[in-house]
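One structure is given below, encoded as structure tokens.
The values are calculated or read from the model by the stated rules, or taken from the named source; none is laboratory data. This one's a predicted model, so the numbers in the text were calculated from it and none came from an experiment. Counting neighbours? That spans all protein chains shown, and the Cβs are built from the backbone with ideal geometry, glycine included.
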Amino acid sequence: MLNNVGFNLWADNYDQTVQVSEENGLYPFAGYKKILNTIFNEVMQKDNSKVLDIGFGTGVLTSKLYSNGHLIDGIDFSEKMISIARSKMPNANLFEWDISKGLPSEILENTYDFIVSTYTLHHLTDEEKVAFITELVSLLKRDGKLLIGDVSFSTREQLDKCRQENIAHWDDDEFYFVYDEIKFSLPSTCEFHPISHCGGVFVISK
């Protein structure tokens, strides 16, 4: 797992790294653009919504929402990535924070129309994911939605196949979503929409 030092060092080249993987349909970022577009289009169904982004990175997704009039709060644990994102979203409320510690007090005081997270929650174990997602859902307004785009699979067999095909650069310190295994611990309103062979979008409604 990359710590915040790793992400700070990776910050300048992060978007380029993602692009190479995405354009070639490779693990881990195959389907990346479509995943972000799916989440973007869902948030755009409501004007001027209040959005919390968990692990916003360089602001690829939230800067587009910001420029379309949405109010952005965000959490990331890389100081360098926050600096890049802040240059795109000067009026957003961006916090440096490690989600393994839950949520900062400033966030717990708020409620949101949408909470989004892309390629972040795989750093938590399944048990930690469930606890964290439960906490996030409690911050949603009535009819709000939690939208998670990440490396994810419908079944364990699909994950194992992807791992074998990418064993040379598979990250065993990351914990990818397997819908068939985690769905029983998530709210009954959870839907999973596969986008690529190694990625998809979870939609959890309040």
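Name the residues in region 54-97 that are of a type in the set (Asp, Glu) and surrounded by 23 or more Cβ atoms within 10 Å (Cβ to Cβ), would you?
ASP76
Does at least one position in region 23-35 carry a residue that is charged (D, E, K, R), modelled with pLDDT of 95 or more and not in a strand (DSSP E or B)?
No, the conditions are met nowhere in region 23-35.
Just name the residue that is farthest from VAL201 (Cα to Cα) out of those in region 150-190 that are aliphatic (A, V, I, L, M) and exposed (fewer than 12 other Cβ atoms within 10 Å of the Cβ).
ALA168
Any residue that is among the polar types (S, T, N, Q) and in a strand (DSSP E or B) - is there at least one of those in region 70-91?
no
Looking at region 189-206 only, could you name the residues that are out of contact with any Pro (no Cβ under 8 Å at 6 or more places or on another chain) and β-branched (Val, Ile, Thr)?
THR189, ILE195, VAL201, VAL203
Consider GLU174 carefully, then state whether it is acidic (Asp, Glu) and touching a helix residue (DSSP H, G or I) at 6+ places or on another chain (Cβ under 6 Å).
yes
What do you reckon, is SER138 hydroxyl-bearing (Ser, Thr, Tyr) and under 24 Å from LYS34 (Cα atoms)?
no
Among the residues of region 108-124, which ones are within 16 Å of GLY55 (Cα to Cα), part of a loop (DSSP other than H, G, I, E, B) and free of Cβ contacts under 8 Å to residues at least 60 places away in the same chain?
Once the filter is applied, which keeps residues that are within 16 Å of GLY55 (Cα to Cα), part of a loop (DSSP other than H, G, I, E, B) and free of Cβ contacts under 8 Å to residues at least 60 places away in the same chain, region 108-124 yields only LEU124.
Do any residues in region 155-179 that are touching a residue at least 40 places away in the same chain (Cβ under 8 Å) and closer than 16 Å to ILE195 by Cα have Cβ atoms under 7 Å from those of residues that are crowded, with 17+ Cβ neighbours inside 10 Å and polar (S, T, N, Q), where the two are at least six apart or on different chains, and which pairs are they?
TYR176/SER152; PHE177/SER152
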